Each structure stands twice: as structure tokens, then as C-alpha cells.
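> One structure, pasted below without further comment.
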């Protein structure tokens, strides 16, 4: 898998929604020993934890949808998408390229859990799209 400064190095990345992202990230760091990795505006923060990481995102109190999802990095997102679609996964978003160097699609599993599968296309400096790497 290609490295990308805009993505955590983990293969499996939990994404957790909170009403107040900065407060949640601060608490997770203080309580569980996470460290900030990348800040994206006030709505998203990537955190390091051991050899892994997680992403904390904004979700308003009245926003519909789940309060968590799972991101999985794969080598070939198009082949993965075709396999998931053929197996009957509910596709929520078809493969799309993003300015942070990733190609991603999202699907729901049989219980409604949301999964995003991501392939690194290139190393992307977070400063190119407005991310701010934390100084650890």
C-alpha cells in the first residue's frame, strides 16, 4: 500500500462522530492517551493510538445516520467495489477520487453498518487541501 501523509497508516480506521470534535479529541487524548495527528478545519481530527489511529468527525445532535463507521484501506478499490456490489452490499457512494490522494467508496453491510474502503492514489501533503499536521 502506498503511503499518504493525508491518511493514518492503519489498515482499519474507526471513524467516530461527536457533537464537539475539538472537545472529544482533547478528552480522548487526556483519558486514553491518543495524540493528535491531523486537524481538518473544526469538523475532523485524525488521532494516533499506538500503531493505529482513529478519526473524530462532527455529527450534530439531530443529524441522521450512524455515530460511527469503519474505514478500511485496500490495494484496489475498484475490484473491491465490484466484489461488494456482486455480493449484494448496499452501495452508499460509488468509487470517487478525492483531493487528499485517496479513491474511496462506501457501503452498508447486512446490519446497516457503514464501511468506507479507501485506496491511496498518491502521497498528498495535507497543506494542499487545508489539513494541518499536528506537531508530535
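> Among the residues of region 79-114, write down those that are surrounded by 17 or more Cβ atoms within 10 Å (Cβ to Cβ), part of a strand (DSSP E or B) and out of contact with any helix residue (DSSP H, G or I) (no Cβ under 6 Å at 6 or more places or on another chain).
Passing the criteria: 102, 104, 106, 114.
> While we're looking at this one, here's another question. Can you name every residue in region 115-136 that is out of contact with any strand residue (DSSP E or B) (no Cβ under 7 Å at 6 or more places or on another chain) and either outside any loop (DSSP other than H, G, I, E, B) or farther than 18 Å from residue 45 by Cα (or both)?
122, 123, 127, 128
> Now for a different question. Among the listed residues 21, 12, which satisfies the condition of being closer than 23 Å to residue 114 by Cα, surrounded by 14 or more Cβ atoms within 10 Å (Cβ to Cβ) and touching a strand residue (DSSP E or B) at 6+ places or on another chain (Cβ under 9 Å)?
Unique residue meeting the criteria: 21.
> Looking at residue 133, is it surrounded by fewer than 18 Cβ atoms within 10 Å (Cβ to Cβ), modelled with pLDDT under 95 and in contact with a helix residue (DSSP H, G or I) (Cβ under 7 Å, 6 or more places away or on another chain)?
Yes; evaluated as a whole, the condition is true for this residue.
The values are calculated or read from the model by the stated rules, or taken from the named source; none is laboratory data. For clarity, every value in this text was computed on a predicted model and none was experimentally measured. Note that we place each Cβ from the backbone using ideal geometry, even for glycine, and neighbour counts take in every protein chain shown.
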